[in-house]
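Peer 1: One structure coming up, written as structure tokens, with questions to follow.
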Amino acid sequence: MDTVAQPLIKVIEKLEQAKLSYTVTVTKPARTTFQLQDDLFVIRQQLDDTGIYKLTVAAKMGKEVF
């Protein structure tokens, strides 16, 4: 199942419907020049040897208005 670039909420629904196990790791930039939005998106997906999806998620960055 490909989950990259999809909203985390929708990915969780799909994984739970398919009864698949998963873990979620949230990443964010060290410096936040721009405000981060609330919606999280999957940016990396790995399937380990035990069949657990390891998802790395991040928030979209908003644009700074001058």
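Peer 1: Looking at the stretch 1-23, I want the residues that are within 16 Å of ILE52 (Cβ to Cβ) and have a partner that is surrounded by 12 or more Cβ atoms within 10 Å (Cβ to Cβ) and polar (S, T, N, Q) with Cβ atoms under 7 Å, at least 6 apart or on another chain. Which pairs are those?
Peer 2: Here the result reads THR3/GLN45; VAL11/THR3, each pair linking the stretch 1-23 to a residue that is surrounded by 12 or more Cβ atoms within 10 Å (Cβ to Cβ) and polar (S, T, N, Q).
This table checks each residue for (1) among the aromatic types (Phe, Trp, Tyr); (2) surrounded by 14 or more Cβ atoms within 10 Å (Cβ to Cβ).
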| position | (1), (2) |
| --- | --- |
| LEU8 | no, yes |
| ILE12 | no, yes |
| TYR22 | yes, yes |
| ALA30 | no, no |
| LEU47 | no, no |
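Each value in this text was obtained by applying a stated rule to the coordinates, not by laboratory testing. The structure displayed is predicted, hence computed values, not measured ones. Using ideal geometry, Cβ is built from the backbone for each residue, glycine included, and neighbour counts are taken over all protein chains shown.
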